[in-house]
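What follows draws every value from the coordinates through simple rules; no lab data is involved. What you see is a predicted model, and the numbers here were worked out from it, not measured in a lab. Ideal geometry is used to build each Cβ from the backbone, glycine not excepted, and the neighbour counts take in all protein chains shown.
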Amino acid sequence: MVKNIFLCVLLSMSLPLTAKDLPDLPKGISTWNYTPPKNLKQHVRDFNEEAADHLQFKYFFPYTGSVTADPKSREVSVYYNSDNSRACRSAMPSGTLIMPIVDGRADKKEFSNWTDDEYKDAAKEVAKAILRDRSAAGVQIDIEPFDESHLPFYKHLTEMLNDRGKVSTLFVGAKPKPLMLEIFKSCNIVILSGYDSSGENPGPKKFEKRLNQIVKLCQTCAEETGKHYMVGIPASAAWGEYEYIVKKGGKGRKDTGHKQSDYMKAAIKVLAPYKSSKQYLGAALWSMGDLAQEDEPEKVKKTTYFPNYIRPDIWELLKNY
């Protein structure tokens, strides 16, 4: 009898984790971050103290690595540095789910139309890095441009991470409903690109109309698949939504006539009705860089969109809606 109990304990320790072992997915916001700000800890703490519970930071997407596909060997190489995820975990409030960014480019279709086994092997390489990172609750995977043939890769990656109690999030722009349903099935959380979805400099009205359409689509797909989603919004300048452009050396400033706060007010208007939805988790802010207090176009090294940081008035808008 004792031997049988001991055997059961050993077996339970060796069995893979199931979906019920995944971390709870609370309502809250996240942000993409490529260089951890020095005063991140204090800033997030101050923000969370003033923000409504469902609008506090509960997730964080720090850049940690990239994946490169070799079309000849049909193998991938993964660069991964856990220093950023470790630093962010120590700076963020306890319980924050750190989802390190692993991105990649596949502009020449070097990652397209591989076999299922080849995608599975590629997923193993990415999963290894995430599973070794004790600070990571999962991954923020972003291989662009998205290709439908990549779906087996995402599905295998999700299965591998879920087996060990970690979560897969997939960044993607809106697609036709049949494809969006498959995208939702291939991960735990879809991160919808709510910015850069209406072309360059669309203006707040066109931006709001398009965002409303694609969030409705996401909500429907999430309900039908039982999955979750977050929506990326332009808290700082995105390729499509920005106030002005400055070229190299701080010259050639071109204003759009729109304020970043106008885009954010439009985004909040669209997202506010979904705060009671079980599927919608919250907004993902593009993006948090240095916590600056004013624009510094003289430091531009190439054509850059501004504001290139989240301004104080935007932080105020994000605290309660």
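Can you work out ³J(HN,Hα) from phi for every residue in the stretch 87-102, in order, using Karplus 6.51 cos²θ - 1.76 cosθ + 1.60 and θ = phi - 60°, giving whole Hz and x for Gly and Pro?
5, 5, 5, 6, 8, 7, x, 4, x, 4, 8, 8, 10, x, 7, 10
Go through 180, 157, 214 and say which Cα lies farthest out towards the positive end of the charge dipole of the chain; charges sit on Cβ, +1 for Lys and Arg, -1 for Asp and Glu.
214
Exposure proxy check: 114, 315, 239 ranked by fewest other beta carbons within 10 Å?
On the way: 114 21, 315 17, 239 13.
Fewest to most other Cβ atoms nearby, the residues stand as 239, 315, 114.
Scaled to the compact-protein estimate 2.2 N^0.38 Å, what is the alpha-carbon radius of gyration of the chain, rounded to two decimal places? If you can, show how the numbers build up before the last one.
Details: Rg = 20.3 Å, N = 321, 2.2 N^0.38 = 19.7 Å.
Compactness ratio reported: 1.03.
For the stretch 102-147 and the stretch 42-56, what is the separation of their C-alpha centers, rounded to whole Å?
So the separation of the two Cα centres works out to 32 Å.
Just rank 208, 224, fewest to most, by other beta-carbon atoms within 10 angstrom. Don't skip to the answer; put the middle values down first.
Details: 208 20, 224 14.
Fewest-to-most Cβ neighbours within 10 Å comes out as 224, 208.
Label points 7 Å out from Cα along the Cβ direction at residue 196 and residue 147: separation in nm?
Result for the modelled spin labels: 1.8 nm.
Below 15 angstrom from the Cβ of residue 71, what's the summed charge of the other residues (Lys, Arg +1; Asp, Glu -1)? Numbers along the way, then the final one.
Details: positive: 72, 74, 105, 108, 109; negative: 70, 75, 107, 110, 118, 121, 147.
That sum, taken over residues with Cβ under 15 Å, equals -2.
Using only the alpha carbons, work out the radius of gyration and Dmax of the stretch 217-302 in angstrom.
In Å, with Rg to one decimal and Dmax whole: 16.6, 50.
Sorted by packing (mean other beta-carbon atoms within 10 Å per residue), highest first, where do 306-313, 44-51, 262-269 land?
Working: 306-313: 18.5, 44-51: 15.5, 262-269: 20.6.
Ranked from most to least packed, the peptides come out as 262-269, 306-313, 44-51.
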